[in-house]
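Each value in this text was obtained by applying a stated rule to the coordinates, not by laboratory testing. The model shown is predicted, which means the values in this text are computed figures rather than measured ones. A quick note on method: Cβ atoms are made from the backbone with ideal geometry, for glycine too, and the neighbour counts reach across all protein chains shown.
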Amino acid sequence: MRHSIEMEKLTLGVCYYPEHWDRALWKDDLQRMKQYGIEVIRLAEFSWALMEPEEGKYDFSFWDEFLALAAEENMKVVFCTPTATPPAWLSEKYPETLNADGDGNLMYHGMRCQHNLTSPKYLEFCEKITRRMAEHFNKYDCIIGWQLDNEVNCETNEYYSKSDHEAFRAFLKERFGTLDNLNEKMGTIFWSQTYTDWDQIHLARRSTVGTGIANPHMQLEQVRFISHSAVHYLALQASIVRETAGDRFITTNGIFGNLDYQKLMESGVDFIMYDSYPNFAYAMDRPDGGEGDLKDRNSSFNLARTRAISPLFGIMEQQAGPGGWNFRIHQASPKPGQLRLWTMQSVAHGADFVSFFRWRTCSFGTEIYWHGLNDYSNRPNRRLEELSLVKADLEAIKDIAGHPYEAAVGILCDYDNEWDGQKDVWHGPLRNFSTDGWFRSLQKKHIPFDFVDFREETNLKDLEKYELLVYPHAAILTKERAEILTQYVANGGKLVMGCRTGYKDIYGRCPMQPMPGEAAELCGVTVEDFTFLAPGEPMEYVNWNKKRIPAPVFNDVLEPAFGGKAEGFFEGNYYDGKPALVTKNTGKGLAIYFGGCFAEETADAFLEALSIQTPAPWLVLPEGCELAKRGDQYFVLNYKAQSCEITLKKKVTDRLTGNEIEGTYEVAPYGVLVLL
């Protein structure tokens, strides 16, 4: 399967830092790991200073010693390039390698990720350390794969160093060719922003309205540039490692902003590893979302996003204990059962490898409160007891590896709209609101879904497996994507689009054409009027299918065209009675344009009207449980601190216990079932 991890069975791992511990602990640590079912350890992602203590002086003896022991103990290794933490000598001697804020203030040595991604000097040092490491360490059979860097774009996803400004100009030259073309595409005639020399162009600097705010089209190009830089940075390392890696995999970890992971997968990275920290939901500085807050269940949103990159993936960092640095994101301890629940949440969504962060809590440094499986005391604890249960669980269902998550609903997403919407309050917040509404609805109705990255390369085969596609607010909609969607509908698909669709071009400009642009003929509609719902105004509703459904945040007032039919009508406001929902049949399928955003209740109404149902009608679950499907097996995950009652209308086997169950059954607090 493309861009997917390939494991023979479900496999456990852990992040280990032998450089933090006395050598006397190493062997005992490795042997205890194996007792708990851990077969793989991640190493060395923050150890550049250990391997190159002085410029050009490489010393791999520490890791040679440890890897020899790992091989002796039959422990497999994912080895890392350490480029997320350049050593002090590099940052001090070569300040041009440092990142800067929008005012040009440098980010100095003392934390991590103080570097930029474009400095020729920094890339030179990255190339040197990566090459030396690959040539030296790829001789170890215990190394099964490589992780490049660590969580690129995590600490910051904006870069303003001198080399970034220079690289941005080069990026724009390559993209637009001439200043005349750039000025036209960027609309620089507005406010006399016209450029007459490439050296006049900079990344968004401080302006009259603050730092980082500039021409909106240039800002979209800036994000594209940041992604381009990050992909190039990782691709450089991947190409070097690949020269001597043999059949070892190459990956990187985490999903962060301003990075096109699909392009990264096409640039030498085999698959993505996600870092799953569901306990962020219980951080002390996070506001209480009330009774309706899905809390740790929201991690399923991120896991679905991961699946859009790699259908089968790994978890490089699975939360094991309470997290937090000494100055932020401090958290409550996971409750008994949650470590197991969160591990199975990852597996349910397509993770065939799960590595815990970390083996033992570090007793010094910024992450002294990122608690691992072992506490400072290194004595047995309840987290280790729970790990024993996880070991047994994964052994019972180990053959599920290689079977992808199955869904009949897809939510389309793309980087153009995501990135443009970061600064555009006229569609970005709408996308976030509606995606959350659909997620909550699908979760509570126990309907598995995928996020689907919609790109120019996307073809009909990528889409036709979904009974329903939702594209909430595609402000940027190209002709090519509209044509693929038309084919999807003609072949029998159901498509739902929301307000603010199709009014922008690929540069974020608003062409002189009727809205919704390329979606007009597809959905059989034009937009007659539009408005935000002002603060204090009552909720707007739409009467459709004998139901009154919410149409919150923003409304497009519609006019049927191109064979469309008005079926839903606004209730209230100055456009009372005007069309709010237009349908159009094309071929075997149906396209719907809805002139509002999608609250959870709105999404509920669409799922009912379109007859989208759970894949397990024989299973009755409360809203507090999640349903996931891999192959022919169904995961039931109870996120509540209380037991819950489910009903099974046929006899099935719980693979975790081997017991046959039918009728009414009680699922334990934070309990998990895998049904076949």
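Annotations
- Picking from residues in the stretch 341-379 that are of a type in the set (D, E, K, R) and under 19 Å from Glu39 (Cβ atoms), the one that is surrounded by the fewest Cβ atoms within 10 Å (Cβ to Cβ) is Arg360.
- Members of the stretch 219-256 found to be farther than 30 Å from Tyr140 by Cβ and among the β-branched types (Val, Ile, Thr), listed by number: Val223, Ile226
- Extreme residue, surrounded by the most Cβ atoms within 10 Å (Cβ to Cβ), among residues of the stretch 549-572 that are closer than 21 Å to Pro472 by Cβ and small (Gly, Ala, Ser): Ala551
- Selection over the stretch 342-386 of residues that are out of contact with any Lys or Arg (no Cβ under 9 Å at 6 or more places or on another chain), part of a helix (DSSP H, G or I) and within 30 Å of Asp450 (Cα to Cα) gives a count of 4.
- Evaluation of Lys121 against the conditions (1) charged (D, E, K, R); (2) touching a residue at least 60 places away in the same chain (Cβ under 8 Å); (3) under 30 Å from Glu221 (Cβ atoms); (4) touching a helix residue (DSSP H, G or I) at 6+ places or on another chain (Cβ under 9 Å) shows that the sole unmet condition is (2).
- In the stretch 410-441, residue surrounded by the fewest Cβ atoms within 10 Å (Cβ to Cβ) [restricted to those that are among the aliphatic types (A, V, I, L, M) and under 18 Å from the mean Cα position of the chain (by Cα)]: Leu412
- Enumerated helices (runs of 4 or more DSSP H) restricted to the stretch 23-132, each holding at least 1 residues that are aromatic (Phe, Trp, Tyr) and closer than 28 Å to Lys162 by Cα: 48-51, 88-93
- Of the residues screened, Lys640 is one that is charged (D, E, K, R), assigned to a loop (DSSP other than H, G, I, E, B) and surrounded by 14 or more Cβ atoms within 10 Å (Cβ to Cβ).
- Selection within the stretch 133-162: residues that are under 28 Å from the mean Cα position of the chain (by Cα) and not in a loop (DSSP other than H, G, I, E, B). The member of this set that is surrounded by the fewest Cβ atoms within 10 Å (Cβ to Cβ) is Ile144.
- No other residue among Asn545, Asn585 is more than 34 Å from the chain's Cα centre (by Cα) and of a type in the set (S, T, N, Q) apart from Asn545.
- Residue satisfying condition, being under 22 Å from Pro472 (Cβ atoms), of a type outside the set (Ser, Thr, Tyr) and free of Cβ contacts under 8 Å to residues at least 60 places away in the same chain, within set Lys584, Lys651, Lys578, Lys640: Lys578
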